[in-house]
Amino acid sequence: MGSSSITFNTSSDYRMKENVVAISDGITRLKTLKPSRFNFISEPSVTMDGFLAHEVSSIVPEAIEGEKDAVITQAMLDAGTLEGTVGNPIYQGIDQSKLVPLLTAALQEAI
């Protein structure tokens with residue numbers, strides 16, 4: 001019987017970090033998150049739970065990639081940083097794993 005897995009590792013060694021302080025407002029910050037049920041326009045028959053990136057960006061900014069309502073500009077095309085058409089959206093992304101420390105802190109506070 002075979003198995004497969006995907007592992008995501010991020011640098012976490014204490015020797016690489018400074019200004020380490022405990023999260024003391026986990027529940028307060030957690031309450032400001034707005035989990036939602038939705039479907040992607042491209043998959044209308046698939047409903048899932050998640051977050052809207054721009055709503056998370058002020059609470060856990062390190063979890064979000066991109067800017068709200070960003071679009072491709074002519075300068076981006078001229079610089080060769082993106083392909084596409086001027087005015088097309090540049091979608092935000094979220095790294096859900098970056099929410100784990102906040103969730104853990106809030107749970108610890110609740111316990």
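Net charge dipole, the chain: roughly 360 debye, given to the nearest 20, about the Cα centre with Cβ charges of +1 for Lys and Arg and -1 for Asp and Glu.
Using only alpha carbon pairs under 8 Å that are at least six residues apart, calculate the relative contact order of segment 15-111 and give it in whole percent. 31 percent. How much FRET efficiency would the formula 1/(1 + (r/R0)^6) give for ASN19 and ILE41, where r is the Cβ-Cβ distance and R0 is 35 Å, rounded to 0.05? With R0 = 35 Å, the Cβ-Cβ based efficiency is 0.25.
Kirkwood hydrodynamic radius for the chain: how many Å is it when counted over pairs of different Cα atoms? Please report the intermediate quantities before stating the final value.
Details: mean 1/r = 0.0577 Å⁻¹.
Value: 17.3 Å, from the Cα pair sum.
Loop-located chymotrypsin sites (Phe, Trp or Tyr not before Pro) in segment 1-44 (DSSP state not H, G, I, E or B) with no more than 15 neighbouring Cβ atoms inside 10 Å: PHE8, PHE40.
Could you calculate the contour length gain from THR73 to ASP95, that is, 0.36 nm times the residue separation minus the distance between their Cα atoms, to one decimal place in nm?
Values: separation 22, 0.36 × 22 = 7.92 nm, distance 2.53 nm.
Computed gain between THR73 and ASP95 is 5.4 nm.
Within a straight-line Cα-Cα reach of under 18 Å, LYS31 can be paired with the following lysines, leaving aside sequence neighbours fewer than 8 residues apart in one chain: LYS98.
A short reminder: the numbers here are calculations on the coordinates, not readings from a lab. Owing to the predicted nature of the structure, the values given are computational and were not obtained by experimental measurement. All Cβ positions, glycine included, derive from the backbone under ideal geometry; neighbour counts span all protein chains shown.
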